[in-house]
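What follows draws every value from the coordinates through simple rules; no lab data is involved. Since the model is a prediction, treat every value here as computed from it, not as a measurement. Every residue, glycine among them, receives a Cβ derived from its backbone with ideal geometry; neighbour counts consider all protein chains shown.
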Amino acid sequence: MNVFGLITSFIFGAIIGSFLNVCAYRLPREESIIRPGSHCPKCKASIRWYDNIPILSFIFLRGRCRYCRERISWRYPLVELSSALLSLILYRKFGLSLAYLLFLAFLSALLVASLIDLDLQIIPDEISLPGILVGWAFSFWNPLIGPFESFLGALAGAGGLYLVGEFYYFLTEREGLGGGDFKLLAFIGSFLGLRSLVPIIFVSSLVGAVIGITLGIIQKVQNKRLLAIPYGPFLSLGALIYLFYPHLLNSFFGILFD
Ligand SMILES: [Zn+2]
């Protein structure tokens with residue numbers, strides 16, 4: 001694997017990450033993601049290009065706005081770094097190819113959806129619905145699955161999680177899953193196929209439950225008022241694990257159900 005390609009994919013991913021931060025902030029506010037340019041949310045000063053370099057500017061500015069010294073959230077460089085690393089790992093897996101670009105778009109969309117879900121407990125349809133179509137169109141070239149499995153993945157993704165939600169409601173009489181979650185899983189199914197869904201639902205529910213219970217204990221929340229934790233980030237995490245380590249999840253299942 002050539003070093004130049006690895007470095008370029010890392011830098012490209014960091015630039016994409018910078019754009020994803022903008023999307024996560026502006027999409028749910030129905031603001032344009034192109035104009036105006038980046039500005040400080042407090043003093044409104046425009047951010048110059050040299051203060052807008054992914055990851056590095058945060059370090060040079062020591063996490064503060066150059067003009068008003070307002071703290072910049074850690075989330076910005078973290079998202080840029082995550083996106084850079086994802087791009088690098090995808091490049092190692094797929095090389096410079098259509099699969100690299102499309103899976104980078106897939107993971108980028110999941111990252112933005114997760115951030116918005118964490119902030120506002122919604123997953124915008126603008127991400128998942130076009131994403132399903134892109135996932136299915138891409139399936140004709142997708143090295144992991146074909147069009148039929150992509151189609152079934154999208155269909156079962158929406159339907160399967162609906163059943164999980166109904167079962168959860170039956171057990172707890174609380175709405176545990178939002179409509180956005182079904183569409184997000186359909187989006188995941190269109191890229192990763194039907195067979196990915198059960199492992200992804202399983203691992204995301206497990207991780208979500210562990211974190212939910214831990215937070216519940218920390219915050220001493222009473223039974224009746226369980227925390228509403230967004231499920232989108234856990235589904236995305238499950239999809240990420242499945243994309244890079246499908247055997248890990250499959251063999252985990254083997255141990256459980258053999
Ligand atoms: Zn400022």
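How do the pairs read when you match residues in segment 178-202 that are under 16 Å from residue 123 (Cα atoms) with residues anywhere that are among the acidic types (Asp, Glu) and surrounded by fewer than 20 Cβ atoms within 10 Å (Cβ to Cβ), using Cβ under 7 Å and keeping only pairs 6 or more apart or on different chains?
Every condition considered, the pairs that remain are 183/125.
Out of everything in segment 56-74 that is under 26 Å from the mean Cα position of the chain (by Cα) and outside any loop (DSSP other than H, G, I, E, B), what residue ends up being nearest to the ligand (Cβ to nearest atom)? Let's see the steps before the verdict.
At the first step, the residues of segment 56-74 found to be under 26 Å from the mean Cα position of the chain (by Cα) are 56-59, 63, 71-74.
Filter once more, so that each one left must be outside any loop (DSSP other than H, G, I, E, B): 56-59, 71.
Working: 56: 19, 57: 13, 58: 14, 59: 17, 71: 10 Å.
Top of the filtered list is 71.
Cβ-Cβ below 6 Å, separation at least six or inter-chain, first residue in segment 64-77 and of a type in the set (Ser, Thr, Tyr), second within 13 Å of the ligand (Cβ to nearest atom): which pairs?
Listed by first residue and then by second, the contacts come to 67/43; 67/45.
Filter segment 41-55 down to the residues that are among the hydrophobic types (A, V, I, L, M, F, W, C), surrounded by fewer than 17 Cβ atoms within 10 Å (Cβ to Cβ) and within 15 Å of the ligand (Cβ to nearest atom) and list them by number.
Those that are among the hydrophobic types (A, V, I, L, M, F, W, C), surrounded by fewer than 17 Cβ atoms within 10 Å (Cβ to Cβ) and within 15 Å of the ligand (Cβ to nearest atom): 43, 45.
Could you grab me the full set of residues in segment 118-161 that are more than 28 Å from residue 79 (Cβ to Cβ) and part of a helix (DSSP H, G or I)?
Those that are more than 28 Å from residue 79 (Cβ to Cβ) and part of a helix (DSSP H, G or I): 147, 148, 149, 151, 152, 155, 156, 159, 160.
In the list 114, 32, 38, which residue meets the criterion of being away from the ligand (no atom under 16 Å from the Cβ), hydroxyl-bearing (Ser, Thr, Tyr) and surrounded by 15 or more Cβ atoms within 10 Å (Cβ to Cβ)?
Numbers: 32 fails: surrounded by 15 or more Cβ atoms within 10 Å (Cβ to Cβ); 38 fails: away from the ligand (no atom under 16 Å from the Cβ).
Unique residue meeting the criteria: 114.
Quick one: is residue 84 part of a helix (DSSP H, G or I), away from the ligand (no atom under 16 Å from the Cβ) and buried (at least 20 other Cβ atoms within 10 Å of the Cβ)? Show your work before the answer.
Numbers: part of a helix (DSSP H, G or I): yes; away from the ligand (no atom under 16 Å from the Cβ): yes; buried (at least 20 other Cβ atoms within 10 Å of the Cβ): yes.
Judged against the criteria, residue 84 is a match.
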